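Structure, as structure tokens:
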Amino acid sequence: MNAIALNSSVVNLSKVIGPSLGGVLISVIGVAGCLLVNAVSFLAIIFSLLMMDLPQWQREQEKDNFWHEVRDGYSYIKTNNRVFSVLFLVYTVALIGSPYSRFLPVFASDILHAGPLGFGLLLAAPGVGAVIAALCLASLGNIRRRASFIYFSVFVFSLFLVLFSFSRSMPLSLFCLAMVGSSHIAFRAVANTIIQMEISSHLLGRILSLFLMDKGLWSFGTLFIGAIASLVGTPWAITLSGSICALSAGILLYHRGQVRRVANERIIPIPADSNTQPD
């Protein structure tokens, strides 16, 4: 979890520094020059990959059919309630909650009347919160009750997303967005940790691929939230998205409690005054 949290902090720090650096480069060398610098920067990534001393990859068994491997991954998810709940929450937040960032220009211009500087601050606030949360997670070390932490993080994410939708104050909006960013990265980092520690090595790649598919749902979620915003307005659409995320976490939390209750009822207690002696 420490490594995942540190990686998340770097990714979100780039979301704060990158746009600022991009703005400076655009003013100096223009948009085309900025894109050229971005393309050249990938050479550093390629060089770092070439420097890695990785063991030669070998498969111990005959290569299976691609679709057979995909079906194995889905079958495993259906039989593991813990992993299924994590992926369900990840997909729900990605589809319904995460697209809020696509509507920040509307809040900056039409609701908060913040201007370009305020819009930049609104974009940076979730990244700042995410960096702080990721560093805190890395310093905490191991978290024992990871599933409970995930539900708590989703509730916090939903709460501050709803508060942001009602906010008409710039400082309050920045604080809410920082909390949204911090709870979102905490939820996603711990979810990633659960998957990597729960799944056996021969299925890990397939399940992680399903986990990383959540980023592709943002675009579909933007269409959904945009359609709702066209009917009831952007603030109410964001309120609805936060409420759906909280409701999904509540349903899964209730289901987990019911499963535990049924499991406990199946355990037959031995009366304290029983005279039965073991064989």
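All of the numbers you see were taken from the coordinates with simple rules; none came from a lab. Quantities reported herein were computed from a predicted structural model and do not represent experimental measurements. Cβ coordinates were reconstructed from backbone atoms using ideal geometry, including for glycine residues, and neighbour counts include every protein chain displayed.
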Could you go through the stretch 3-18 in sequence order and give the Karplus-derived ³J(HN,Hα) for each residue, using 6.51 cos²θ - 1.76 cosθ + 1.60 with θ = phi - 60°, rounded to whole Hz, and x for Gly and Pro?
5, 5, 5, 5, 4, 5, 5, 5, 4, 6, 5, 5, 5, 8, 6, x
Counting each DSSP H run of 4 or more residues in the chain as -39500 (n - 2.57), what helix-only mean residue ellipticity at 222 nm follows after dividing by all residues, to the nearest 500 deg cm²/dmol?
-26500 deg cm²/dmol
Quick one: pull the percentage of alpha-carbon pairs in the chain with a separation above 34 Å.
33
The stretch 96-244 -> Rg/Rh from Cα coords, Kirkwood Rh, value 1.01
Please report, in debye to the nearest 20, how large the charge dipole of the chain is about its Cα centre when each Lys and Arg carries +1 at its beta carbon and each Asp and Glu carries -1 there.
400
Among Leu172, Leu210, which comes first, then next, by fewest other beta-carbon atoms within 10 Å?
Leu172, Leu210
Against the longest alpha carbon principal axis of the chain, how many degrees, from 0 to 90 and to the nearest 10, is the axis of helix 201-212 turned?
40
Quick check: convex hull of the Cα atoms in the stretch 1-156, volume per residue, rounded to a whole Å³?
212
For a quick check: sort Val83, Val262 by the number of other beta carbons within 10 angstrom, fewest at the front.
Val262, Val83
